[in-house]
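The values are calculated or read from the model by the stated rules, or taken from the named source; none is laboratory data. All values derive from a computational prediction rather than experimental measurement. Every residue, glycine as well, gets a Cβ built from its backbone with ideal geometry; the counts of neighbours run over all protein chains shown. Note: accessible area is taken over every heavy atom of the protein model, side chains too, but ligands, DNA and RNA are not part of it. Shrake-Rupley method; radii C 1.70, N 1.55, O 1.52, S 1.80 Å.
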Amino acid sequence: MEYTIIEGNYAKIGVSKIADTVYFTFEGEKEQKCAILLYTANDHEIRIPVPDEYCIGALRSVGIRGLKWKKINYNYEVDGKIIFDQHAHKVIGREKWADPGRLGTNHTVRAGFDFAGFDWAGDRFPEIPREEMVMYKLNVRSFTMDAGLTGKKKGTFAGVMEKIPYLKELGVTSLEFMPVYEFEELISEESKRQNPDGWSANAKEGLLLEEAPELSYKINCWGYVPGDYYAPKASYSATGEPSLELKKLIRELHKNHMECILEVFFDEKMNQNIAVEILRYWVMEYHVDGFHLLGAALSVDAMAQDLILRRTKLFAEGFSRRLFQEKPSYPHLFVYNDDFLYASRKMLSRNNGNMPELLGQLRRQNAVFGFVNFIAGHNGYTLADLFSYVQKHNEPNGEDNQDGLLWNFSCNGGVEGITRKRSILEYRRKQMRNAIALIMVGQGVPLLMSGDEFGNSQQGNNNCYCQDNKTGWVNWSSLKRHTLHERFVRQMIAFRRQHPILSSGRPMQMCDYESKGYPDLSYHGENAWMISNIYPDTVGMLYYGAYAARADGTEDDFIYIGLNFYLEPQCLALPKLPRRLQWYLTVNTADKEMPFCETPQLLEKKHQIEVPAQAVVILVGK
């Protein structure tokens, strides 16, 4: 192989190519002996030392002119130790999901070259306003393994792309992906001996030692570990070209006016400057629309203020107050925590619930940053299991049921797990409808976990990180059994979209600050405009639609939401409407046949409504 060595390009860490020169830039002190290790197609190794003078700061960089890179892989060598390139855009050696052969000592993961261009065909970031967002969280593998896909599309980006029409019809605008960058899914463990003293059970006493145990392993299905952040996961590709496949998926999402939001986990060892660079890379190279930032010591402020990320949505547990001094031209920061989840669950399960806490979560909004509202996520029960199990059932995880959340604020209707009792099954379905209704009438951005729209269950396992099987996979056959629930979810998403007052970007002031005739939001009890004597589990909420305009400029309707978490029906007063307007029943989660009225029903009583036990009703005044 003929090539020429020149000093490299320190401005770009990783591997880059200009004309016929490939540049390698990586971390290495001047005092360290560094080399590039090239591996040819026949596994021949070529060692190219990096001259000591090719160093600026703690970066070493070398250019190789004339390198025939298409059939070559590489690693680095630093002081005799082989180092994988953490900035590699392609990983060689993890193409097969959970291949136990990788646990052997001879297995080597190498970096590959990815200089292929991609035709984005005029692609543009959708930049969906937060008032219009409906988020849907999924894991690429578990979402598509049991989805009835053909060929190699199971567990891949291509499989997700086939589900875009379904998600669009559901009403989803923004897909949140659990980690899709390269991570090692195999967690090796020392297998246990049959006997604690190490002797074979079949051996004569004291004569024969048991053979050395074989390597055993668990599978990390989620990927919340440090990874190779510049490379899409090879085993998530049906074609063997993960970069190309993921870009096609994102391009197709954008064509359907949908967003791609990636979860990114950084631990406390992550270089904060590199963390910002990683996000920039995914935005520029993959047209990613946002990031859910997870882990320790995150440089959230630096990310929020970065100019390249200025129109990229960032989701985190919180942000510094100094970022909220003035409203930006494009609000892109979102608080993403469990506050809404626990406030809702406690009321739904009647477990230490606090109505003022829930009402505060339903109306939480800010002019500068948004909020994400969800009741079920990957970490905990699915929505169906939330109302089917009181105790977690994580025994299959192999940790003696000691893992997973202890406080789930769940309820089961009287029977733990599977039952045929119709009254309990209907109670559970109603609770699922109640949860969906709460999510969709909250001011923050609603978030659904994949499969929760059709009753997906994990059999009470609230920590499915290692269940690469039908327990952890989304069970799409449940869709046939829960078509009514899936329809209700679609209807509630559409209802939210039709009534912008439910997602107004302006925080509710609880008064008529523009002298329109009614407060933007008010609470009501047994008597209109009064809640002092109301039972603590019941309240009526009135949104005045004049404080929000539809896309065509017309004012929204009056929206009245009756919440009753008590075990018996409760009466709520209805505020008097202006002349010519009347109340129409649109949602009654206690109605098992028609919880959402396609044709709203005119109320006979104009001043009062009875809300069924543990139910949500929604009225429209028009």
Candidate set from segment 248-261 (those that are open to solvent by 10 Å² or more (accessible area, probe 1.4 Å) and either assigned to a helix (DSSP H, G or I) or free of Cβ contacts under 8 Å to residues at least 40 places away in the same chain (or both)); member that is farthest from residue 182 (Cα to Cα): 255
So is residue 288 touching a helix residue (DSSP H, G or I) at 6+ places or on another chain (Cβ under 7 Å), within 30 Å of residue 123 (Cβ to Cβ) and surrounded by 22 or more Cβ atoms within 10 Å (Cβ to Cβ) or not? yes
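Would it be correct to say that residue 148 is open to solvent by 30 Å² or more (accessible area, probe 1.4 Å) and not assigned by the TED database to the domain that holds residue 242?
no
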Condition check: out of contact with any helix residue (DSSP H, G or I) (no Cβ under 7 Å at 6 or more places or on another chain) and modelled with pLDDT of 95 or more. Does residue 547 satisfy that? no
Given the criteria open to solvent by 10 Å² or more (accessible area, probe 1.4 Å) and outside any loop (DSSP other than H, G, I, E, B), does residue 597 qualify? no
Here are 20, 79: which of them is within 25 Å of residue 274 (Cβ to Cβ), open to solvent by 10 Å² or more (accessible area, probe 1.4 Å) and in contact (Cβ under 8 Å) with a residue 40 or more places away in the chain? 79
Might you let me know whether segment 54-70 holds any residue that is polar (S, T, N, Q) and open to solvent by 60 Å² or more (accessible area, probe 1.4 Å)? no
Being crowded, with 18+ Cβ neighbours inside 10 Å and modelled with pLDDT under 95 is the filter here; which residues of segment 334-354 pass it? 353
Do we have any residue at all in segment 456-468 that's surrounded by fewer than 19 Cβ atoms within 10 Å (Cβ to Cβ) and more than 15 Å from residue 492 (Cβ to Cβ)? yes
Going residue by residue through segment 490-505, is there one that turns out to be among the charged types (D, E, K, R), under 16 Å from residue 556 (Cα atoms) and open to solvent by 50 Å² or more (accessible area, probe 1.4 Å)? yes
Would you point out the residue of segment 416-434, among those that are free of Cβ contacts under 8 Å to residues at least 60 places away in the same chain and either within 20 Å of residue 380 (Cβ to Cβ) or charged (D, E, K, R) (or both), that is surrounded by the most Cβ atoms within 10 Å (Cβ to Cβ)? 432
Picking from 413, 442, the residue that is crowded, with 22+ Cβ neighbours inside 10 Å and either in the same structural domain as residue 381 (by the TED database) or within 21 Å of the chain's Cα centre (by Cα) (or both) would be 442
For residue 132, state whether it is open to solvent by 30 Å² or more (accessible area, probe 1.4 Å), assigned by the TED database to the domain that holds residue 255 and in contact (Cβ under 8 Å) with a residue 40 or more places away in the chain. yes
Per-region count, segment 294-325, residues open to solvent by 60 Å² or more (accessible area, probe 1.4 Å) and either under 20 Å from residue 127 (Cα atoms) or modelled with pLDDT of 95 or more (or both): 5
Only one of (1) assigned to a loop (DSSP other than H, G, I, E, B); (2) farther than 19 Å from residue 431 by Cα; (3) open to solvent by 30 Å² or more (accessible area, probe 1.4 Å) fails for residue 365. Which number is that? (3)
